[in-house]
Structures are given as C-alpha cells and as structure tokens.
Amino acid sequence: MALPIITLTTDFGEKDPYVGAVKGAMYSALEGVRIVDISHGIAPFHIVEAAYVIQNAYRSFPKGSIHIIGVDGELTPENRHIAVKLDGHYFICANNGILALLSSSIRPEKVVEINIHEHMESNFPVLDVFVAAACHIARGGTLEVIGKATKDLKELKGIQPVVNVERNQIVGTVIYIDNYGNVVINVQRSLFQEVAKGREPVIAVRKFRIKNIYERYSDAINFEVPIDRREEAGKELAIWNSSGFLELAIYKSNPTSVGSASTLFGLEYRDSITISF
C-alpha cells in the first residue's frame with residue numbers, strides 16, 4: 001500500500017538549504033515517501049498567511065495526507081508543537097493559532113502536544129521533530145505515541161470580522177495578498193449573507209466604493225462591448241473567491257504595468273475595509 005502524501009508549507013523561501021534538508025531527512029527516514037510542496041513563499045513568521053494557504057490547499061489532497069507547516073516553529077514555553085487530526089487529515093505545526101481558520105469551522109478529531117523532543121539533537125524543529133512525527137504517522141503510528149492529548153488549540157487573533165450592533169455594517173481586515181496583488185478580506189460569504197439579509201452592499205476602500213460582488217473575475221466585463229472600447233485591464237472589482245472569502249481584485253492585474261488591487265487600493269496586511277448595507 002502506498003504511503004500517504006506529506007506536504008510542506010513553510011516560510012523558508014527557495015534560497016536557503018532548509019527545504020532540501022527537510023526533504024532529504026524524510027527520504028532518508030521513509031523509503032517511498034511522496035512529498036508535495038504547497039508553498040515555501042510564506043512571509044517570515046506570517047501565521048495568518050500560512051493559515052489561509054493551508055486552509056485552501058489541504059482539501060485537494062486525499063484523506064490521510066500529512067501536512068507539515070513550518071512557520072514560526074521554534075519551540076518555546078508559549079509555542080508548543082502539536083499534531084492534529086482534522087477533517088481526515090493530519091497537521092503538524094506549532095500551536096500558535098495557525099490552525100484556527102480550519103478549527104473554527106471543523107472540530108478537530110484529535111490534538112496532541114508532541115513530546116518526543118528529548119530524542120532529537122538539532123535545534124531545527126521542522127527537520128527533526130516535525131519530520132519524525134510525520135514519518136511516524138505515515139507508517140501507521142498513532143498520535144498518542146508521539147504526544148499527550150490536549151484541548152489547548154490556540155486561537156488566531158485578527159482573523160474575525162466585526163459586525164456592528166445595528167447589524168448594518170461589517171468591518172473586515174486584509175488577511176492575504178496573492179501573487180497577482182489580489183486582496184483577500186476576512187469576510188466569508190456565509191457571514192455576509194447572514195448580515196445582508198438581501199440588502200445591497202457598498203464596500204468602502206479608501207476613496208473607492210464598490211457595489212457589486214461577482215462570482216468570477218470575467219463577470220465584471222461587458223463582452224458585448226467591442227474589444228477596442230471595452231473596459232478590461234485595470235478595472236477594479238470584488239468577487240467571492242474559491243474559498244468563500246471576499247476578494248478585491250483588478251481584472252487581469254499585473255503589478256508591473258496596470259497595477260494590482262493591493263497597490264490601487266493602498267491595502268496591506270491587517271488594513272481595514274468596511275461593508276455597509
């Protein structure tokens with residue numbers, strides 16, 4: 001029987017030897033292991049970005065896959081290491097709130113605080129502790145062997161939008177900016193619909209006011225207009241992205257030419273936007 005897939009999501013980048021060392025350690029420890037890179041471009045120590053990326057990637061993998069998240073992974077008294085079984089998948093990471101986006105909607109099946117550190121020699125937890133835990137699970141081992149059961153799964157501050165008392169306004173914040181400069185806001189479609197109750201929205205971003213939220217980027221374009229008079233590149237828009245989050249975008253954006261939503265709207269991580277009804 002084939003071994004489960006092990007994925008890697010880190011803030012290591014591509015320049016340094018860390019990604020290669022982690023993969024080498026797994027290949028040495030587990031013959032036939034299958035390793036998939038999700039991303040090594042997470043901004044350093046950016047746990048919200050890592051949480052968003054892993055939330056939107058893990059479901060594409062088969063059940064039983066093991067996901068190593070090497071972001072802010074140093075072991076400290078306030079940053080313990082955990083292994084979590086959730087939605088049929090296994091996650092190995094620091095207990096720093098990185099799984100909060102997942103556990104807010106899906107109850108973890110099992111959480112253990114990893115306690116095999118005394119058997120490890122290096123100070124590189126993703127290389128030693130996380131790899132050892134992942135290989136143990138891949139061989140069919142149970143979580144109880146590598147850790148002690150716990151219910152202490154930290155929450156991640158700043159990922160929940162705020163609804164005012166009158167319930168006619170949502171204040172969201174930027175949680176992710178993708179490679180195209182598109183801006184993801186921490187407002188999910190389910191909350192939006194609950195508050196909107198059929199009312200039309202106005203999204204306020206700096207001097208801009210956006211009233212339509214589309215299903216796809218191209219829905220914002222009127223293809224009946226001749227192409228030489230059509231408003232396309234550079235057109236600002238809002239969509240519900242494939243993850244169900246509100247996303248501000250520029251149609252066919254290119255940060256080096258027509259710009260991006262991040263530059264046009266002047267938005268960075270943790271900046272606020274307001275949706276009024």
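Listing for the model above:
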quantity	calculated
Long-range amide H partners of Tyr214 with built H, under 5 Å	Ala238, Ile239, Trp240
Linear extension gain, Glu155 paired with Glu215, 0.36 nm per residue minus alpha-carbon span	18.6 nm
Counted charge near Ala196, where neighbours are those whose Cβ lies closer than 12 Å (Asp, Glu -1; Lys, Arg +1)	+2
√(5λ) per eigenvalue of the Cα gyration tensor, segment 6-58, largest first, Å	21, 14, 7
Calculated diffusion of segment 21-131, Stokes-Einstein form, Kirkwood radius summed over Cα pairs, 37 °C and 0.692 mPa s, µm²/s	226
Given charges at beta-carbon only (K, R positive; D, E negative), |dipole| of the chain in Debye	780
Mean separation of Cα contacts under 8 Å (6+ apart) over length of segment 136-199, as relative contact order %	21
Computed helical MRE - 222 nm, the chain, DSSP H runs ≥ 4 contributing -39500 (n - 2.57), nearest 500	-5000 deg cm²/dmol
Relative contact order (%) - criterion: Cα under 8 Å, at least six apart; region: the chain	15
Å² per residue, accessible surface of the chain at 1.4 Å	51
Charge dipole (debye, nearest 20) of segment 1-94; +1 at Cβ of Lys and Arg, -1 at Cβ of Asp and Glu	400
Rg to Rh quotient for segment 129-277, alpha carbon positions, Kirkwood Rh	1.13
Kirkwood estimate for the chain, i.e. one over the average of 1/r between Cα atoms, Å	20.4
3J(HN,Hα) from dihedral phi, segment 174-185, Karplus parametrisation 6.51/-1.76/1.60, rounded to Hz, x for glycine, proline	6, 10, 7, 10, 8, 5, 8, x, 5, 10, 9, 9
Length released on extending from Glu118 to Lys15, taking residue separation times 0.36 nm less the Cα-Cα span	34.1 nm
Percent carbon-and-sulfur accessible area, segment 1-138, ignoring ligands, DNA and RNA, probe 1.4 Å	52
Cα-based shape type of segment 135-179, given that a ≥ b ≥ c are square roots of the gyration tensor eigenvalues and the cut on a/c is 1.5	prolate
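The values are calculated or read from the model by the stated rules, or taken from the named source; none is laboratory data. The shown structure was predicted, so the numbers you read here are calculated from the model rather than taken from an experiment. Cβ: placed from backbone, ideal geometry, glycine included. Neighbour counts: every protein chain shown. Each accessible area value is taken on the protein alone, full model and side chains, heavy atoms only, with ligands, DNA and RNA left out. Shrake-Rupley method; radii C 1.70, N 1.55, O 1.52, S 1.80 Å.
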